[in-house]
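What follows is a set of notes on a single structure, which appears directly below.
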Amino acid sequence: MNLKYKGLCAKLISNLVKKGISDKKVLEAISLTPRHLLIDPVFRDKFAYQDTAFPIGENQTISQPYTVAFQTELLNITRGDKVLEIGTGSGYQTAVLCELGAKVFSIERHKSLFQSAKLFLSKNNYRAQLFFGDGFIGKKVFAPFDSIIVTCGAPYIPQDLKDQIKIGGRLVIPVGKGEVQQMMLIQRLSEKDYKETIFGNFKFVPMLKNLNNINNK
Ligand code: SAH
């Protein structure tokens, strides 16, 4: 990362610390991820490391860094963990997960975003497996996952995603039908038992059903 963006990113990190993010590994991963490459050059200097969401096309947004940090903290990733992400979007969260040493699988329902995220990640040597498909059904062939992160506002907790959590693993998902969702952590304690914890309110773009009947079972 060049010096100018390094400096702006360092300011973002201290801002995240002020807002309550404390996991050193998460902060380091964010400090290594080149968010500026995902922001239109016209807006890059002003917005790349500002703590706000930003449009990425198709009416979608790259998540606010605080939200990425908050969800990533809840995932509690250890190097080598198998992680499923729903909503690849720009590929920013995917890159942060790769920086933490996770083996990432990510699903996106918009073809153009799927393609541009794929390009960004491969150009920057992030080795994630990306899929164009429907996040509601997860990715059964690669299950179970140590953790699953949903980066769009889910109307409910999809059963397929719960089924694909490893026992001892976790799902982090913003749940709510309106503009605002509650961040939920679902821990799988055994084959049948799950523990749910609710965190604060967040605003995500909605998790939507299948476009053009795409299927990724
Ligand atoms: N993690 C992204 C956030 C993008 S916004 C980032 O860091 O940039 C959420 C994304 O979820 C959008 O790109 C949207 O198209 C996608 N999405 C919404 N519903 C989906 C579904 N059912 N399956 C897969 N992706 C979905």
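The values are calculated or read from the model by the stated rules, or taken from the named source; none is laboratory data. Since the model is a prediction, treat every value here as computed from it, not as a measurement. Counting neighbours? That spans all protein chains shown, and the Cβs are built from the backbone with ideal geometry, glycine included.
If you scan region 133-153, which residues turn out to be within 14 Å of the ligand (Cβ to nearest atom) and in a loop (DSSP other than H, G, I, E, B)?
Taking region 133-153 as the starting set, the residues that turn out to be within 14 Å of the ligand (Cβ to nearest atom) are 133-139, 148-153.
Once the filter is applied, which keeps residues that are within 14 Å of the ligand (Cβ to nearest atom) and in a loop (DSSP other than H, G, I, E, B), region 133-153 yields 133, 134, 138, 139, 151, 152.
Restricting to region 13-30, give me the number of residues that are within 17 Å of the chain's Cα centre (by Cα), assigned to a helix (DSSP H, G or I) and more than 16 Å from the ligand (Cβ to nearest atom). Give the derivation first.
Within region 13-30, the first condition is being within 17 Å of the chain's Cα centre (by Cα), and the residues that meet it are 16, 21, 23, 25-30.
Now restrict to residues that are assigned to a helix (DSSP H, G or I): 16, 25-30.
Now drop any that are not more than 16 Å from the ligand (Cβ to nearest atom), which leaves 25, 27-28.
Within region 13-30, residues that are within 17 Å of the chain's Cα centre (by Cα), assigned to a helix (DSSP H, G or I) and more than 16 Å from the ligand (Cβ to nearest atom) number 3.
Would you confirm whether any residue within region 101-109 is touching a residue at least 40 places away in the same chain (Cβ under 8 Å), basic (Lys, Arg), closer than 21 Å to residue 137 by Cβ and out of contact with any Leu (no Cβ under 6 Å at 6 or more places or on another chain)?
Scanning region 101-109 turns up no residue that is touching a residue at least 40 places away in the same chain (Cβ under 8 Å), basic (Lys, Arg), closer than 21 Å to residue 137 by Cβ and out of contact with any Leu (no Cβ under 6 Å at 6 or more places or on another chain).
Please work out which residue is farthest from residue 1 (Cα to Cα), limiting yourself to region 35-53 and to residues that are without any contact (Cβ under 8 Å) to a residue 12 or more places away in the chain, part of a helix (DSSP H, G or I) and more than 15 Å from the ligand (Cβ to nearest atom). Let's see the steps before the verdict.
Pass one, region 35-53, residues without any contact (Cβ under 8 Å) to a residue 12 or more places away in the chain: 40-44, 46-47.
Within this subset, residues satisfying the condition of being part of a helix (DSSP H, G or I) are 44, 46-47.
Applying the additional criterion that residues be more than 15 Å from the ligand (Cβ to nearest atom) yields 44, 46.
On the way: 44: 14, 46: 16 Å.
This residue is 46.
Applying the selection to region 58-100, what residues are assigned to a strand (DSSP E or B) and within 10 Å of the ligand (Cβ to nearest atom)?
As a first pass, look at region 58-100 and keep what is assigned to a strand (DSSP E or B): 60-62, 82-86.
The answer is 60, 61, 62, 85, 86.
Could you list, ordered by first residue, the pairs with Cβ atoms under 8 Å in which the first is in region 122-142 and over 28 Å from residue 32 (Cα atoms) and of a type in the set (Phe, Trp, Tyr) and the second is modelled with pLDDT of 95 or more and assigned to a loop (DSSP other than H, G, I, E, B), at least 6 apart or interchain?
136/158; 136/207
Tell me, which residue of region 101-132 that is more than 16 Å from the chain's Cα centre (by Cα) and part of a loop (DSSP other than H, G, I, E, B) is nearest to the ligand (Cβ to nearest atom)?
124
Only one residue in 118, 140, 111, 82 is surrounded by fewer than 24 Cβ atoms within 10 Å (Cβ to Cβ), charged (D, E, K, R) and under 27 Å from residue 9 (Cα atoms), so which one is that? Outline the logic, then answer.
Values: 140 fails: under 27 Å from residue 9 (Cα atoms); 111 fails: under 27 Å from residue 9 (Cα atoms); 82 fails: under 27 Å from residue 9 (Cα atoms).
The unique qualifying residue is 118.
From 42, 26, grab the single residue that is exposed (fewer than 13 other Cβ atoms within 10 Å of the Cβ) and among the β-branched types (Val, Ile, Thr). Spell out the reasoning first.
Working: 26 fails: exposed (fewer than 13 other Cβ atoms within 10 Å of the Cβ).
42 is the lone residue from the list that is exposed (fewer than 13 other Cβ atoms within 10 Å of the Cβ) and among the β-branched types (Val, Ile, Thr).
With (1) in contact (Cβ under 8 Å) with a residue 40 or more places away in the chain; (2) under 14 Å from the mean Cα position of the chain (by Cα) as the list, and residue 171 as the residue in question, which single condition is left unmet?
Exception for residue 171: condition (1).
Take region 144-169 and flag every residue that is touching a Lys or Arg at 6+ places or on another chain (Cβ under 7 Å) and surrounded by 20 or more Cβ atoms within 10 Å (Cβ to Cβ).
Of everything in region 144-169, those that are touching a Lys or Arg at 6+ places or on another chain (Cβ under 7 Å) and surrounded by 20 or more Cβ atoms within 10 Å (Cβ to Cβ) turn out to be 145, 146, 147, 164, 165, 169.
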